[in-house]
């Protein structure tokens with residue numbers, strides 16, 4: 001903490017009770033004295049009024065330094081505050097009316113003591129409520145900042161998971177193609193370089209345009225179709241009017257990859273994946289033919305995407321499983 005910040009903090013800490021006491025003494029003295037003058041028509045000379053203000057001020061001054069200005073109140077503390085205030089006010093107002101040049105009226109004096117006690121305790125509770133209110137606001141602000149900082153940290157971790165996740169599965173694919181067909185492996189390698197370039201430049205972003213993401217997903221789909229020949233068919237539709245529409249980067253690719261990873265397929269029964277723009281969202285739908293075993297994976301794809309949706313967009317993925325179809329709807333941001 002800098003010297004300037006430290007001095008500011010110390011000033012704030014030390015000045016707060018002073019401000020409270022000034023508020024308590026000034027308004028309390030003024031309000032209490034005016035209320036007595038309104039109900040006591042015997043006080044008409046300037047010396048009587050001046051003496052009244054002095055006595056009420058001294059009474060409030062004593063109470064301010066007798067612990068009436070405190071941080072918190074329990075039920076027992078509130079009762080003690082009333083009793084303390086009533087005793088102090090009774091002493092000083094009794095002294096006032098004893099010194100004034102007219103007969104002492106104990107009943108009238110008691111009424112004024114109760115009135116001043118009500119005013120004193122009202123100001124005390126008001127200052128406590130005001131301070132507690134600001135403390136609560138500050139506490140909520142710190143909690144909110146802490147939550148946001150935690151979300152940023154979580155988001156950075158999630159972003160860092162995208163690239164290793166994709167590389168892990170891509171190397172498995174490339175290793176398979178090298179053994180199967182070297183020519184396809186070369187084409188796959190070239191496309192893989194383009195796809196990886198997209199990830200390098202966009203995985204550090206929170207959002208990308210739908211047009212860019214779809215172009216990337218089409219390149220990725222081409223890679224998968226090279227590997228699986230006619231066993232996987234990926235179609236894109238509806239992306240004709242997506243200007244100023246944004247989506248999470250590498251989101252469509254993750255869903256395509258999951259569909260291929262978890263479903264069985266053959267040339268006779270290919271895996272059909274449809275990627276389309278519908279009802280203000282991007283949907284990735286595939287036929288279901290769940291494998292009896294899972295292919296090797298880092299197991300962070302769909303969970304990663306769901307967490308990023310919640311952190312960045314404040315929305316969740318919609319997952320629909322019906323009959324032999326599995327659909328995931330990705331929320332979008334419109335600007």
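Bear in mind that the values in this text are calculations on the coordinates, not laboratory data. What you see is a predicted model; the values in this text were computed from it and never measured. Note that we place each Cβ from the backbone using ideal geometry, even for glycine, and neighbour counts take in every protein chain shown.
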Test of understanding: what is the full-extension gain from residue 110 to residue 126, defined as 0.36 nm times their sequence separation minus their Cα-Cα distance?
3.3 nm
Using alpha carbon centers only, the stretch 171-211 is separated from the stretch 109-135 by a whole-angstrom value of 72
Label point distance in nm, residue 82-residue 218, each placed 7 Å from Cα along Cα→Cβ
7.9
Residue 34 versus residue 200, label points 7 Å from Cα toward the beta carbon: distance in nm?
7.5
Given a cut-off of under 8 Å on Cα pairs at least six residues apart, what relative contact order in percent is computed for the stretch 181-334?
22
Considering Cα pairs under 8 angstrom that are at least six residues apart, work out the relative contact order of the stretch 186-246 and quote it in whole percent.
43
What is the distance in Å between the Cα centres of the stretch 222-237 and the stretch 263-280?
9
Test of understanding: what is the full-extension gain from residue 102 to residue 187, defined as 0.36 nm times their sequence separation minus their Cα-Cα distance?
19.4 nm
Given a Förster distance of 35 angstrom, what is the FRET efficiency for residue 278 paired with residue 145, based on the Cβ-Cβ distance and rounded to 0.05?
0.35
Residue 240-residue 22 FRET efficiency (beta carbon distance; Förster radius 51 Å; 0.05 resolution)
0.15
Output needed: percent of Cα pairs per 10 Å distance bin for the stretch 181-334, bins running from 0 to the one holding the longest distance.
10, 40, 38, 11, 0
Mean separation of Cα contacts under 8 Å, 6 or more apart, over the residue count of the stretch 38-137: relative contact order %:
32
At R0 = 25 Å, how high is the FRET efficiency between residue 176 and residue 233 if r is their beta carbon distance? Nearest 0.05 is fine.
0.85
Fewest to most neighbouring Cβ within 10 Å: what's the order for 321, 306?
321, 306
Give me the distance in nm between label points sitting 7 Å out from Cα along the Cα-to-Cβ direction at residue 42 and residue 269, one decimal.
10.5
